[in-house]
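Just so you know, all these numbers are worked out from the coordinates, no wet-lab data involved. Here the structure is a predicted model, which is why all the values come from computation and not from measurement. In this analysis, Cβ positions are derived from the backbone assuming ideal geometry, glycine residues included, and neighbour counts consider all displayed protein chains.
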Amino acid sequence: MKYITNALLFILLLPGWSRAQSSIDTLSLRSLFYEPLLAGHRPDFTAFSPGAPRLYYEGNDSARIEDKYYSIALDGTDVRQAPDHFTPAFSASPDGKQLVYNHKDNIWIADAGFRNRRKLVSSPSSEREATWAPDSRRIAFIQDGEAWVLNMENSQLQQITHKKEEQPGYSIVGWAGPNKLILSQWDTSGYEAYYFPEYADQFVQAGETRRGIPRQILTLAYLDSVETEFVFKHKGYLNTSISITGRYLAIDERDAPMKRRTITVMDLQEQNSATVFSDSTRGWIYGTDLAFAPEGNRLMFLSEQDGWNHIYTVEPDGSDLRQHTAGNYEVPWAAWTGQGEILFASTRQDPGVRHVYTLDTATDEVERLTSRTGYRKNFQLSRTHNQLVYEYSYFNEPFELYALDLEHPGEEKRLTHTIPDRFKAIDWQKEDYLRFTGRDGSTELSMSVLEPLHKEPGKKYPVIVFVHGAGSLQNVYKGWSNSYYREYMFHQYLNARGYYVIEVDYRHSTGYGRQFREAVTNWMGKYESRDIIDGLHHLAGRYPQADTSSVGIYGGSYGGFMSLYATSVAPQYFDAAAALRAVTNWENYYHTNPWYTLPRLGTPEQDSTHYARSSPLTYVDQLEQPVLILHGLMDDNVGFQDAAQYIDELVQAGDKEFDMMMYPTERHSFEDPDAWFDEYRRIYDFFEDELK
């Protein structure tokens, strides 16, 4: 395999782009991975300031990788670096006057501006999870797995729990009124040991980890009597909410395969319970937020029961269950702003667009609060319910923090300005966002297309397909790719060198309803491949210069799996595949990540057919095209075992064309820019060799 020369790495952009350059390496391959970051350091919301109309966020104003914390007013002015003693994991008192936080395993208290700080609890042990009581006069915390309460008025310290040594430690769920605590324990005694060896140090490290599905236990602690009462035990997944009065505890449970969901509301005063909602599916339950109203006792939750994620509310006794939104669109986020009003985001306009709306639960009237087309995510509602902060993006505009004043919902306010000038100086191509119907005549698919720059009339250009990872993820929308920003810039680099680049949000992706996501249940790879191939057909029909007889495919993790799978089962459509940190044997992934694989494929013992037909390892004999395998040796998500097993099968076959590179000090998500650069240099070389 040839390597890119230094001249190529730093080559100027093609003629039509040279006018937009701010420096010689503006869009070299190297500039995509090294500091200063070409697109800057995306700001992440940290917390609202308890003492002023401000917020804290994490980022770096010099486009460096190192994280820093900043404070900014909610009108977008007065940016400051956060105080020296700032910590993101603080808890503000309900009256907003003080905050507590952990520092060096001890609990500290300070005023709302991180001033006048002092150590509140100091011991040889480690303290965590400091949680204010509703009256702002007591603080609950965990020390060595036990729950304690400190009275701020008289400094009285009270141990609440006394677990047995072999029992798992407690965590704090929350206060249930002024004199009760809800506590949880995670029983991981059923976990199995697995190993992800580390080879780069002087001696090989075993890299032991324990994996499995936990058994979760909920306990009610009475502070007056210092007694505890078992509430609930469940192997699987739990979400909880406590009513503002502390009387009701909502428990949202999903079984281990995520096929069944039950919401139970416990009346802690009358000591009874009611099942208020249940749901089941052949695939896996998804989108399960729930919360009690800030006034009264009505419970709101999200559910896909009708096929799309929507808003429901119900009384604690199960009466008056109501669905408030309906239609072929998603509600990815919702929150109460008052007793009868809910703020929510949805894709009512388009699957690739998210707007913010308000809902009157009495009339089901909906009002849209945002007007700009784009994609919004990571919504944060202030404790006073009058400010909403989120990340917003549009094509070629990396995400920035925006705020919406809910008391005066006019134009949304941009808070951060972190995109470097050198990024803005590039004349980035705006991708084509397309919706088309698949071969079955009913499946609606989203696809993005980036074209080669400076196409010559009558000439055909090769195509590269990017496949997003995770499976359950949305990456085709009207905005900047947050999950794959390096890849997005790499695609524009490829455009400048004569490639079409497309991406299809295949079935399994989120944002398109339950049926779309669950279609892959029991056979991963089958429908995803069909959707990607349908995307190639749509490309050929709409872009006559796209050479769909010369197609490369690549992706990481689930995208790597799909690259190998699709190339093996449909060699007539794909001419080369680059697989990064790819799953090649789903049975391996079941053992180390059962939370993911069990809902989709079942168990290897009972459902061996599902695993065999979903694993690229099964199809090595069918592989006709060259493949490139890239994997971190220390990967503790998709272990290097998957690469090793696949490469061994390629070797044993004796007639397969492949290349590989392993990265000794990288895990699933690479950190070293040198490793990122080397990986994508190899991908570029590989496609240059095989497609041109």
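For Lys180, a cut-off of 12 angstrom between C-alpha atoms picks up these aspartates and glutamates, skipping any fewer than 8 places away in its own chain: Asp224, Glu227, Glu229. When the Cα positions of Asn396, Ile464, Ser442 are compared along the charge dipole of segment 387-489, Ile464 comes out farthest toward the positive end, with charges on each C-beta of Lys, Arg, Asp and Glu. Look at the dipole of segment 243-368 built from charges on Cβ: of Thr347, Leu290, Ala256, the Cα furthest out on the positive end belongs to Ala256.
Bridging of Lys478 to lysines at a Cα separation below 16 Å is possible for Lys377, Lys430, once same-chain residues fewer than 8 apart are set aside.
Charge dipole of segment 275-332 (Cα centre as origin; +1 on each Lys and Arg Cβ, -1 on each Asp and Glu Cβ, all else neutral): 100 debye, rounded to the nearest 20.
Ranked by how many other Cβ atoms sit within 10 Å of their own Cβ, fewest first, the residues Asp440, Asp636 fall in the order Asp440, Asp636. Dipole magnitude for the chain: about 860 debye, using +1 per Lys or Arg Cβ and -1 per Asp or Glu Cβ, origin at the Cα centre. Averaging Cα coordinates gives a centre for segment 131-164 and one for segment 169-237; these two points are 19 Å apart.
With unit charges on the beta carbons (Lys and Arg positive, Asp and Glu negative) and the dipole taken about the Cα centre of the chain, which residue among Gly556, Tyr237, Ser481 sits farthest to the positive side? Farthest towards the positive pole: Ser481. Annotation for segment 455-480 versus segment 63-124: alpha-carbon center distance of 42 Å.
Around the Cα centre of segment 428-691, unit charges on the Cβ atoms of Lys, Arg, Asp and Glu (plus for the first two, minus for the last two) sum to a dipole of about 1060 debye.
Within the chain, which is the longest segment containing none of the GluC sites (Glu not before Pro) that sit in a DSSP loop and have at most 16 other Cβ atoms within 10 Å? Could you put the intermediate results ahead of the total?
Details: sites that count: Glu66, Glu153, Glu165, Glu166, Glu270, Glu295, Glu407, Glu411, Glu605, Glu624, Glu657, Glu671.
Formally, the longest exposed-site-free interval is 412-604.
Over what distance in Å are the Cα centres of segment 539-605 and segment 266-311 separated? So the separation of the two Cα centres works out to 35 Å.
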